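The values are calculated or read from the model by the stated rules, or taken from the named source; none is laboratory data. Because the structure is predicted, anything quoted here is derived from the model rather than measured. Here the Cβ positions follow ideal geometry from the backbone for every residue, glycine too, while neighbour counts run over all protein chains shown. All accessible areas refer to the heavy atoms of the entire protein, side chains included, with ligands and DNA or RNA removed. Shrake-Rupley method; radii C 1.70, N 1.55, O 1.52, S 1.80 Å.
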Amino acid sequence: AYLKNLPAIEIVASGLFDTIGLYRRPCAEQLAVCEWWMDIFGVLDLKDRSFLQLSSGEQRLLLLARAFVKDPDLLILDEPLHGLDMYNRQLVIEIIDVFSKRPHKTLLMVTHYKDELPPCITHSLDLKKN
């Protein structure tokens, strides 16, 4: 539901400021961090493309880069693999796993499918309908 028609790099950069849209100009160092995360998620080549012109999978990868760009101690992801092909699903699982295994990182991830959980998951809660 992110409907801002901005260049992809600005979508990722908006995560630095916790805004929907980019209302402050990031410095060169911050833009480098954004580009680094875009490269990790395999979407750096899209940095100048309009967000609304991208496929839903490309948009998802950019929004994931946006979530990671501030190196949060607590990362909350709701269905992060939704709409991704098998290659990108595996890529994102690996990124989440490596990120979350670092010291002082906590991951809260919601999914309907146990096979989507990265290996770093040590605790889970299954909600079932009675």
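How big is the charge dipole of the chain about its Cα centre, in debye rounded to the nearest 20, if each Lys and Arg gets +1 on its Cβ and each Asp and Glu gets -1 on its Cβ?
Magnitude of the dipole: close to 300 debye.
Scan [x] 0.98; [y] 1.00; [z] 1.24 for the value of Rg/Rh (Cα atoms, Kirkwood Rh) calculated from this model and give just the label.
[x]
In region 48-124, if every C-alpha pair distance is counted and binned at 5 Å from zero, what percent goes to each bin?
Going out from 0 Å in 5 Å bins, region 48-124 shows 3, 15, 27, 26, 16, 8, 4, 1 percent.
Taking only Cα atoms, what is the 0 to 90° angle, nearest 10, from helix 28-40's long axis to the longest principal axis of the chain?
50 degrees
Can you tell me how much longer the chain between residue 114 and residue 71 gets when fully stretched, taken as 0.36 nm per residue apart minus their C-alpha distance, in nm with one decimal?
Result for the pair: 13.0 nm of gain on full extension.
In the chain, if the dipole is taken from +1 on Lys/Arg beta carbons and -1 on Asp/Glu beta carbons about the Cα centre, which of 51, 110, 91 is farthest to the positive end?
It is 110, whose Cα lies furthest towards the positive end.
Using a 1.4 angstrom probe on the protein heavy atoms only, line up 55, 124 by accessible area, largest first.
Sorted descending by solvent-accessible area, the residues read 124, 55.
Roughly speaking, to the nearest percent, how much of the chain's 1.4 Å accessible area is carbon and sulfur?
Percent of accessible area from carbon and sulfur atoms in the chain: 54.
Please work out how much accessible surface residue 14 shows to a 1.4 Å probe, ignoring ligands, DNA and RNA, in Å² rounded to 10.
0 Å²
So how much slack lies between residue 102 and residue 17, counting 0.36 nm per residue of separation and subtracting their Cα-Cα distance, in nm?
So the chain would gain 28.3 nm between residue 102 and residue 17.
Mind checking the per residue accessible area of region 13-130 for me, 1.4 Å probe, whole number of Å²?
Heavy-atom accessible area per residue stands at 65 Å².
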